[in-house]
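The structure appears right after this line, and notes come after that.
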Amino acid sequence: MDDVEVGQVDITAVPTTFGGSVVLLDVREDDEWQRGHAAGAQHIPMGDVPARIAEIDPDAELYVICHAGGRSLRVANYLARNGYTPVNVEGGMLAWAGAGRPVITDAGGAGSI
(Lines give C-alpha, C1' and ligand atoms only; values in the text may rest on other atoms or scores of the structure.)
Protein backbone atom coordinates (compact mmCIF):
# COMPACT_ATOMS: atom_id res chain seq x y z
CA MET A 1 0.00 0.00 0.00
CA ASP A 2 1.28 3.47 -0.86
CA ASP A 3 2.25 5.77 1.95
CA VAL A 4 -0.34 8.39 2.65
CA GLU A 5 1.07 11.91 2.61
CA VAL A 6 1.35 12.95 6.24
CA GLY A 7 1.44 16.62 7.13
CA GLN A 8 4.53 18.00 8.82
CA VAL A 9 4.25 20.94 11.16
CA ASP A 10 6.82 23.28 12.63
CA ILE A 11 6.80 23.54 16.42
CA THR A 12 5.50 27.11 16.20
CA ALA A 13 2.25 25.78 14.70
CA VAL A 14 1.67 23.19 17.44
CA PRO A 15 -0.81 24.12 20.19
CA THR A 16 0.56 24.50 23.72
CA THR A 17 -2.36 22.89 25.53
CA PHE A 18 -3.96 19.54 24.87
CA GLY A 19 -7.06 17.64 25.85
CA GLY A 20 -10.43 16.89 24.37
CA SER A 21 -10.28 17.43 20.63
CA VAL A 22 -6.56 18.27 20.47
CA VAL A 23 -4.13 15.40 21.14
CA LEU A 24 -0.33 15.38 21.32
CA LEU A 25 0.62 11.70 20.96
CA ASP A 26 4.10 11.08 22.39
CA VAL A 27 5.47 7.84 20.93
CA ARG A 28 8.81 7.81 22.78
CA GLU A 29 9.84 4.96 25.06
CA ASP A 30 8.85 4.87 28.74
CA ASP A 31 12.27 6.03 29.98
CA GLU A 32 12.21 9.04 27.64
CA TRP A 33 8.67 9.93 28.76
CA GLN A 34 9.64 9.70 32.43
CA ARG A 35 12.59 12.09 31.95
CA GLY A 36 10.23 14.71 30.59
CA HIS A 37 7.23 15.35 28.36
CA ALA A 38 4.71 17.98 27.36
CA ALA A 39 1.89 18.58 29.83
CA GLY A 40 -1.33 16.96 28.67
CA ALA A 41 0.33 14.70 26.10
CA GLN A 42 -0.93 11.15 25.55
CA HIS A 43 1.84 8.55 25.83
CA ILE A 44 1.84 5.37 23.75
CA PRO A 45 5.31 4.04 22.88
CA MET A 46 5.79 3.46 19.14
CA GLY A 47 5.84 -0.33 19.44
CA ASP A 48 2.55 -0.32 21.37
CA VAL A 49 0.57 1.83 18.92
CA PRO A 50 -0.89 -1.05 16.83
CA ALA A 51 -2.21 -2.84 19.94
CA ARG A 52 -3.45 0.40 21.55
CA ILE A 53 -4.77 2.23 18.49
CA ALA A 54 -8.29 2.23 19.94
CA GLU A 55 -7.05 4.58 22.69
CA ILE A 56 -6.38 7.29 20.09
CA ASP A 57 -9.38 9.48 19.25
CA PRO A 58 -9.89 9.25 15.46
CA ASP A 59 -11.75 12.57 15.44
CA ALA A 60 -9.11 14.53 17.36
CA GLU A 61 -6.73 17.09 15.94
CA LEU A 62 -3.77 14.73 16.26
CA TYR A 63 -0.13 15.77 16.59
CA VAL A 64 2.47 12.97 16.81
CA ILE A 65 5.81 13.65 18.51
CA CYS A 66 8.96 11.71 19.43
CA HIS A 67 12.51 12.77 20.30
CA ALA A 68 13.60 14.25 16.96
CA GLY A 69 10.79 13.49 14.47
CA GLY A 70 11.72 10.14 12.88
CA ARG A 71 9.69 7.68 14.94
CA SER A 72 6.70 10.02 15.04
CA LEU A 73 6.70 10.22 11.23
CA ARG A 74 6.58 6.42 11.02
CA VAL A 75 3.71 6.30 13.53
CA ALA A 76 1.90 9.14 11.72
CA ASN A 77 2.17 7.21 8.44
CA TYR A 78 0.80 4.09 10.16
CA LEU A 79 -2.10 6.05 11.68
CA ALA A 80 -2.85 7.72 8.33
CA ARG A 81 -3.13 4.28 6.69
CA ASN A 82 -5.63 3.37 9.42
CA GLY A 83 -8.04 6.24 8.93
CA TYR A 84 -6.50 8.93 11.12
CA THR A 85 -5.38 12.38 10.00
CA PRO A 86 -2.21 12.91 12.06
CA VAL A 87 0.36 15.67 11.75
CA ASN A 88 4.02 14.95 12.46
CA VAL A 89 5.81 17.44 14.71
CA GLU A 90 9.10 18.28 12.96
CA GLY A 91 12.06 18.21 15.32
CA GLY A 92 10.12 16.38 18.04
CA MET A 93 10.64 17.10 21.72
CA LEU A 94 14.02 18.63 20.90
CA ALA A 95 12.17 21.36 18.99
CA TRP A 96 9.51 21.59 21.75
CA ALA A 97 12.13 22.24 24.42
CA GLY A 98 14.19 24.39 22.05
CA ALA A 99 11.18 26.67 21.58
CA GLY A 100 11.13 27.23 25.34
CA ARG A 101 8.00 25.16 25.90
CA PRO A 102 7.68 23.50 29.32
CA VAL A 103 8.84 19.93 29.86
CA ILE A 104 7.52 18.18 32.96
CA THR A 105 7.76 14.84 34.74
CA ASP A 106 4.82 12.69 35.83
CA ALA A 107 5.17 14.28 39.29
CA GLY A 108 4.76 17.72 37.72
CA GLY A 109 8.31 18.89 38.24
CA ALA A 110 10.70 20.22 35.62
CA GLY A 111 11.74 17.51 33.19
CA SER A 112 14.46 17.09 30.61
CA ILE A 113 14.70 15.76 27.07
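The values are calculated or read from the model by the stated rules, or taken from the named source; none is laboratory data. Because the structure is a prediction, the values reported are computed rather than measured. Counting neighbours? That spans all protein chains shown, and the Cβs are built from the backbone with ideal geometry, glycine included. Please note that ligands, DNA and RNA were not included when accessible areas were found on the heavy atoms of the full protein model with its side chains. Shrake-Rupley method; radii C 1.70, N 1.55, O 1.52, S 1.80 Å.
Seen against the Cα atoms of the chain and their longest principal axis, helix 70-81 is set at about 40 degrees. Spin-label pair ALA39-LEU94: with each label point 7 Å from Cα along the Cα-Cβ axis, the two points sit 2.6 nm from one another. Secondary-structure-derived ellipticity at 222 nm for the chain, considering helices only, amounts to -6500 deg cm²/dmol, per-run term -39500 (n - 2.57) for DSSP H runs with n ≥ 4. What part of the accessible area of the chain, given as a whole %, is carbon or sulfur when the probe is 1.4 angstrom? Its accessible area is 50 percent carbon and sulfur atoms.
In a simple Cβ point-charge model (Lys, Arg +1; Asp, Glu -1; nothing else charged), the range 7-104 has a dipole of about 160 debye relative to its Cα centre.
How high is the FRET efficiency between ARG101 and ARG74 when r is their beta carbon distance and R₀ equals 22 Å, given to the nearest 0.05? Kindly include the intermediate steps, with their values, before the conclusion.
Values: r = 23 Å, r/R0 = 1.05.
According to the calculation, E is roughly 0.45.
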